[in-house]
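Q: Could you have a look at this structure, given as C-alpha coordinates, before my questions?
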Amino acid sequence: MQVELDVQDLFYESSPKPAMDFGVHDTPISPETWQEWFHRWLESLQPHLPPAPSYEITLRLTNDAEIQSLNAQYRLQDKPTDVLSFAALEVDCPQSPETLAAPLYLGDIVISINTAQLQAQQQEHSLRTELAWLAAHGLLHLLGWDHPDEEQLMEILQQQVELLKIIGIDIDIEY
(Lines give C-alpha, C1' and ligand atoms only; values in the text may rest on other atoms or scores of the structure.)
Protein backbone atom coordinates (compact mmCIF):
# COMPACT_ATOMS: atom_id res chain seq x y z
CA MET A 1 0.00 0.00 0.00
CA GLN A 2 1.25 3.43 -0.90
CA VAL A 3 0.49 6.59 1.06
CA GLU A 4 1.17 10.07 -0.24
CA LEU A 5 1.19 12.54 2.61
CA ASP A 6 1.46 16.25 1.97
CA VAL A 7 2.76 17.88 5.16
CA GLN A 8 2.12 21.58 4.79
CA ASP A 9 4.00 24.25 6.66
CA LEU A 10 1.49 27.03 6.19
CA PHE A 11 2.06 28.00 9.75
CA TYR A 12 2.50 31.76 9.91
CA GLU A 13 2.29 33.11 6.42
CA SER A 14 2.52 36.62 7.86
CA SER A 15 5.47 37.93 9.78
CA PRO A 16 6.79 38.41 12.34
CA LYS A 17 6.48 34.99 13.94
CA PRO A 18 5.50 35.04 17.60
CA ALA A 19 8.23 33.56 19.80
CA MET A 20 6.18 30.54 20.93
CA ASP A 21 5.00 29.49 17.49
CA PHE A 22 6.06 26.34 15.69
CA GLY A 23 6.22 25.31 12.05
CA VAL A 24 6.69 21.86 10.49
CA HIS A 25 10.46 22.06 10.78
CA ASP A 26 10.23 23.15 14.43
CA THR A 27 8.11 20.19 15.52
CA PRO A 28 9.64 17.00 16.88
CA ILE A 29 8.29 15.04 13.87
CA SER A 30 9.86 15.10 10.42
CA PRO A 31 7.79 14.85 7.23
CA GLU A 32 9.36 11.42 6.67
CA THR A 33 8.21 10.24 10.08
CA TRP A 34 4.67 11.49 9.41
CA GLN A 35 4.75 9.58 6.11
CA GLU A 36 5.82 6.38 7.86
CA TRP A 37 3.19 6.76 10.61
CA PHE A 38 0.32 7.30 8.20
CA HIS A 39 1.50 4.37 6.07
CA ARG A 40 1.51 2.06 9.11
CA TRP A 41 -1.83 3.38 10.34
CA LEU A 42 -3.53 2.89 6.98
CA GLU A 43 -2.12 -0.63 6.73
CA SER A 44 -3.67 -1.46 10.09
CA LEU A 45 -6.96 0.18 9.11
CA GLN A 46 -7.16 -1.63 5.75
CA PRO A 47 -10.56 -3.23 6.56
CA HIS A 48 -12.01 0.29 7.00
CA LEU A 49 -10.56 1.67 3.74
CA PRO A 50 -12.22 1.86 0.36
CA PRO A 51 -10.20 -0.10 -2.23
CA ALA A 52 -7.49 1.94 -3.97
CA PRO A 53 -3.93 1.40 -5.20
CA SER A 54 -2.74 4.23 -2.94
CA TYR A 55 -4.06 6.93 -0.64
CA GLU A 56 -3.43 10.64 -0.30
CA ILE A 57 -3.84 12.83 2.79
CA THR A 58 -2.93 16.44 3.49
CA LEU A 59 -1.66 17.25 6.98
CA ARG A 60 -1.51 20.94 7.81
CA LEU A 61 0.20 22.13 10.99
CA THR A 62 -1.01 25.59 11.90
CA ASN A 63 -1.68 27.99 14.76
CA ASP A 64 -4.69 28.81 16.92
CA ALA A 65 -5.67 31.86 14.86
CA GLU A 66 -5.93 29.91 11.61
CA ILE A 67 -7.68 26.89 13.12
CA GLN A 68 -10.14 29.22 14.86
CA SER A 69 -10.96 30.78 11.50
CA LEU A 70 -11.52 27.33 9.95
CA ASN A 71 -13.55 26.20 12.96
CA ALA A 72 -15.78 29.29 12.70
CA GLN A 73 -16.20 28.90 8.95
CA TYR A 74 -16.89 25.16 8.79
CA ARG A 75 -18.26 24.25 12.24
CA LEU A 76 -19.75 27.60 13.28
CA GLN A 77 -17.65 27.53 16.46
CA ASP A 78 -15.60 30.72 16.74
CA LYS A 79 -12.87 29.32 18.96
CA PRO A 80 -9.60 27.45 18.51
CA THR A 81 -9.66 23.67 18.53
CA ASP A 82 -6.95 21.03 18.45
CA VAL A 83 -7.70 19.17 15.22
CA LEU A 84 -10.08 19.47 12.28
CA SER A 85 -10.68 16.86 9.59
CA PHE A 86 -12.15 17.50 6.18
CA ALA A 87 -13.07 14.17 4.60
CA ALA A 88 -12.99 14.01 0.82
CA LEU A 89 -15.22 10.94 0.57
CA GLU A 90 -18.75 10.21 1.55
CA VAL A 91 -19.10 7.14 3.74
CA ASP A 92 -19.72 4.02 1.61
CA CYS A 93 -19.09 5.98 -1.60
CA PRO A 94 -19.06 3.54 -4.56
CA GLN A 95 -15.88 3.49 -6.65
CA SER A 96 -15.84 3.38 -10.44
CA PRO A 97 -13.19 1.35 -12.35
CA GLU A 98 -11.44 4.62 -13.34
CA THR A 99 -11.14 5.84 -9.77
CA LEU A 100 -9.89 2.44 -8.58
CA ALA A 101 -6.71 2.97 -10.65
CA ALA A 102 -5.92 6.42 -9.23
CA PRO A 103 -4.72 7.41 -5.76
CA LEU A 104 -7.66 7.95 -3.45
CA TYR A 105 -7.67 11.34 -1.74
CA LEU A 106 -8.98 10.82 1.80
CA GLY A 107 -8.96 14.48 2.86
CA ASP A 108 -7.26 17.08 5.03
CA ILE A 109 -6.20 17.05 8.67
CA VAL A 110 -5.45 20.41 10.28
CA ILE A 111 -3.74 20.54 13.69
CA SER A 112 -3.09 23.59 15.84
CA ILE A 113 0.38 23.28 17.28
CA ASN A 114 -0.45 25.99 19.85
CA THR A 115 -3.32 23.92 21.26
CA ALA A 116 -1.33 20.68 20.91
CA GLN A 117 1.49 22.20 22.98
CA LEU A 118 -0.93 23.29 25.70
CA GLN A 119 -2.66 19.89 25.78
CA ALA A 120 0.69 18.08 25.88
CA GLN A 121 1.63 20.09 28.96
CA GLN A 122 -1.75 19.43 30.58
CA GLN A 123 -1.52 15.69 29.87
CA GLU A 124 2.14 15.62 30.94
CA HIS A 125 3.41 14.04 27.77
CA SER A 126 5.52 15.26 24.86
CA LEU A 127 4.42 17.44 21.98
CA ARG A 128 5.36 14.52 19.71
CA THR A 129 2.87 12.25 21.52
CA GLU A 130 0.11 14.87 21.40
CA LEU A 131 0.63 15.53 17.68
CA ALA A 132 0.51 11.78 16.96
CA TRP A 133 -2.67 11.50 19.07
CA LEU A 134 -4.35 14.34 17.18
CA ALA A 135 -3.24 13.07 13.77
CA ALA A 136 -4.61 9.61 14.55
CA HIS A 137 -7.90 11.19 15.67
CA GLY A 138 -8.07 13.22 12.46
CA LEU A 139 -7.35 10.16 10.33
CA LEU A 140 -10.15 8.20 11.95
CA HIS A 141 -12.55 11.05 11.18
CA LEU A 142 -11.43 10.97 7.53
CA LEU A 143 -12.39 7.29 7.49
CA GLY A 144 -15.87 7.93 8.84
CA TRP A 145 -15.35 7.38 12.56
CA ASP A 146 -17.29 9.82 14.74
CA HIS A 147 -18.12 10.29 18.40
CA PRO A 148 -21.64 11.71 18.80
CA ASP A 149 -22.19 9.75 22.01
CA GLU A 150 -20.15 8.33 24.90
CA GLU A 151 -20.02 4.79 23.48
CA GLN A 152 -18.65 5.90 20.11
CA LEU A 153 -16.23 8.29 21.83
CA MET A 154 -14.79 5.34 23.77
CA GLU A 155 -14.44 3.35 20.53
CA ILE A 156 -12.54 6.11 18.74
CA LEU A 157 -10.30 6.74 21.77
CA GLN A 158 -9.49 3.01 22.01
CA GLN A 159 -8.66 2.96 18.30
CA GLN A 160 -6.38 5.98 18.74
CA VAL A 161 -4.52 4.16 21.54
CA GLU A 162 -4.05 1.20 19.17
CA LEU A 163 -2.78 3.44 16.36
CA LEU A 164 -0.23 5.03 18.66
CA LYS A 165 0.95 1.59 19.83
CA ILE A 166 1.61 0.72 16.18
CA ILE A 167 4.15 3.55 15.98
CA GLY A 168 5.69 2.79 19.37
CA ILE A 169 3.91 5.36 21.52
CA ASP A 170 2.19 4.06 24.62
CA ILE A 171 -0.37 6.44 26.00
CA ASP A 172 -2.59 6.12 29.03
CA ILE A 173 -6.01 7.69 28.80
CA GLU A 174 -8.78 7.63 31.31
CA TYR A 175 -11.96 6.19 29.85
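The values are calculated or read from the model by the stated rules, or taken from the named source; none is laboratory data. Keep in mind that what you see is a predicted model, and the values were worked out from it rather than measured. Every residue, glycine among them, receives a Cβ derived from its backbone with ideal geometry; neighbour counts consider all protein chains shown. These area figures cover heavy atoms from the full protein model, side chains too; ligands, DNA and RNA do not enter into them. Shrake-Rupley method; radii C 1.70, N 1.55, O 1.52, S 1.80 Å.
Q: Averaged over all directions, how much area does the convex hull of the C-alpha atoms of segment 39-89 cover when projected, in nm²?
A: 4.5 nm²
Q: Amide H to amide H under 5 Å from V7: which residues, 5+ apart in sequence or cross-chain, H placed 1.01 Å off N in plane?
A: Residues meeting the criterion, in which the H sits 1.01 Å from N, are L59.
Q: Keeping every protein chain present and rolling a 1.4 Å probe, give me the accessible area per residue for segment 23-90 in Å².
A: 50 Å²
Q: Under a point spin-label approximation (7 Å from Cα along Cα-to-Cβ), what is the E32-K79 distance to one decimal in nm?
A: 4.1 nm
Q: Using a 1.4 Å probe, how large is the accessible area of E32, given in Å² and rounded to the nearest 10?
A: Approximately 130 Å² of E32 is accessible to the 1.4 Å probe.
Q: Give me the accessible area of R75, 1.4 Å probe, in Å² rounded to the nearest 10.
A: The accessible area comes out at roughly 120 Å².
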